[in-house]
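> Input: one structure, supplied below.
Each reported figure results from applying straightforward, stated rules to the coordinates on display, with no laboratory input. Remember, predicted model here, so these are calculated numbers, not experimental data. Note that each Cβ is placed from the backbone with ideal geometry, even for glycine, and that neighbours are counted across all protein chains shown.
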Amino acid sequence: MRFTHETLPQRVVFAPDDAVRAIRAETERLGAERVMVVVTASSSALAAALTGGLPVVHVHDEVVRHVPVEVAERAREAAAKCRADVLLSIGGGSATGLAKAVALTTGLPVVAVPTTYAGSEATNVWGLTRGAAKTTGVDPGVLPRAVVYDASLLRTLPVELSVASGLNALAHAVDAMWGPYADPIDLALAEEAIRGLRRGLPAVKADPAGPAGHERTLYGAYLAAVAFASAGSGPHHKICHVLGGMFDLPHASTHAVVLPHVLALQAPHFPEAERRIASALTAPTATGGLAALYTRLDAPTALRDCGMPEEGIAGAVGPVLAALPTNAPALTRDSLTALLRAAWAGEPPR
């Protein structure tokens, strides 16, 4: 039990059906006088309903997945022009990611209001894409100062998006089990996160408008992100970041498809992690438990359905290998090629 664990400084507010009050309280606590809202255009009406009464000086709705550098630059220019003193992101991981990109160079505090289970709001990880290459990094300045979780904001999220986003959260927890800096606290958090997601996601699938499933899934997604932020990125996320940047793939679905394949390769080399994952999934084995959950959720299984071209498999192998952490003993050029081919075709993990 010799380890060092660092807990990231952040306020987290679970406020079911009370987001308006909680957002106002958190922005006031930061002394906000000029708020810049970062939100996707499709969620502009929601943003307007949540920010009434706030000192909003600009609503920035140019949000693009994987945060292209040029999009980030325009958002930074907008923040400077409107003299924002607080950034308020409302939406999924793309909105949070853009707010982080602005915070990275401006130092502005972020208040995040997630409307998916992306988890980016609870990490100090930023990502930017230049051309077909996605770069990620860690910086304490991008960690949102406060997060407001309101399960009622997810009730209208389409079921297939809820499933993919929730499995993206599950990938955070699984990857945290063998992240380069994983410690016993991370493993405990990740195991509880998997348990929460295993309970919450089927409830969301069965009753998309009900609050119970969304609340449980948000809880699991938050714990997964906290564990991931501490443990560091394992092989799963390195693979998905390369694929997402190279082929502009949807973030959540890509993670959902790749996760079972990485788990099948990694689990034999990490017996304690395998035992914890299996226990959280109430199954004899981690891979069997995950397969059963995927069947129950009718989860996405093929990268070709996400838009990845088959000829891209060979081109992705080299960049992925270059990005992999050292704790991925099973991932060689041959095994990675086989993994990507199976994931592309929607075949069962090997």
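> Could you size up the charge dipole of region 168-345 around its Cα centre, putting +1 on the beta carbon of Lys and Arg and -1 on that of Asp and Glu, and report it in debye to the nearest 20?
Details: 12 positive and 15 negative charges, 51 e Å.
With Lys and Arg at +1 and Asp and Glu at -1, about 240 debye.
> Taking R0 as 25 Å, what FRET efficiency do you get between residue 69 and residue 138 from their Cβ-Cβ distance, rounded to the nearest 0.05? Intermediate results must be reported in sequence, preceding the final value.
Numbers: r = 18 Å, r/R0 = 0.72.
So the FRET efficiency works out to roughly 0.85.
> Averaging the inverse of every distinct alpha carbon separation and then flipping it gives the Kirkwood radius. What is it for region 11-154, in angstrom units?
On the way: mean 1/r = 0.0684 Å⁻¹.
Radius from the Kirkwood sum: 14.6 Å.
> Of all DSSP beta bridges located in the chain, what percent are antiparallel, nearest 5?
Working: 6 of 27 bridges.
For the chain, the DSSP antiparallel bridge percentage is about 20.
> Moving to a separate point now. Could you give the dipole magnitude of region 1-100 about its Cα centre, charging the beta-carbon of Lys and Arg +1 and that of Asp and Glu -1, in debye to the nearest 20?
180 debye
> Next up: Taking the beta-carbon count within 10 Å as an exposure proxy, list 205, 100, 238, 81 from fewest neighbours to most.
On the way: 205 18, 100 30, 238 22, 81 11.
Sorted ascending by nearby Cβ count, the order is 81, 205, 238, 100.
> Using the alpha-carbon atoms, what tilt in degrees (0 to 90, nearest 10) does helix 235-247 show relative to the longest principal axis of the chain?
70 degrees
> I've got another one for you. For residue 311 and residue 48 in the same chain, what is the full-extension length gain: residue separation times 0.36 nm, less their Cα-Cα distance, in nm? Please list the in-between numbers first.
On the way: separation 263, 0.36 × 263 = 94.68 nm, distance 4.36 nm.
Working it through step by step, the gained length comes to 90.3 nm.
> Among (1) 54, 43, 41; (2) 69, 48, 40; (3) 74, 45, 39, which is the computed Cα extents along the principal axes in Å?
Label of the calculated value: (1).
> Subtracting the Cα-Cα distance from 0.36 nm times the residue separation, let me have the gained length for residue 285 to residue 269 in nm, one decimal.
4.4 nm
> Could you point to the residue in 236, 40, 131 farthest towards the positive end of the chain's charge dipole, with +1 and -1 charges on the Cβ of Lys/Arg and Asp/Glu respectively?
236
> In whole percent, what relative contact order does the chain give with Cα contacts below 8 Å and a gap of six or more residues?
On the way: 712 pairs, mean separation 52.3, N = 350.
Relative contact order here is 15 percent.
> Something else: Distance in nm between label sites at residue 1 and residue 295, each 7 Å beyond Cα in the beta-carbon direction?
The modelled label-to-label distance comes out at 4.0 nm.
> While we're on this one: Is it possible to state the helix-based mean residue ellipticity at 222 nm for the chain, with each DSSP H run of 4+ residues giving -39500 (n - 2.57), the sum divided by total residues, to the nearest 500 deg cm²/dmol? What is it? Kindly include the intermediate steps, with their values, before the conclusion.
Values: 13 runs with 183 residues, N = 350.
After summing the helix terms and dividing by residue count, I get -17000 deg cm²/dmol.
> In degrees from 0 to 90, rounded to the nearest 10, what is the angle of the helix 19-29 Cα long axis to the longest principal axis of the chain?
70 degrees
> To one decimal place, what Kirkwood hydrodynamic radius in Å is obtained for region 168-345 from all pairs of distinct Cα atoms? Could the numbers behind the result be given before it?
Numbers: mean 1/r = 0.0620 Å⁻¹.
Averaging 1/r across every pair of different Cα atoms and inverting gives 16.1 Å.
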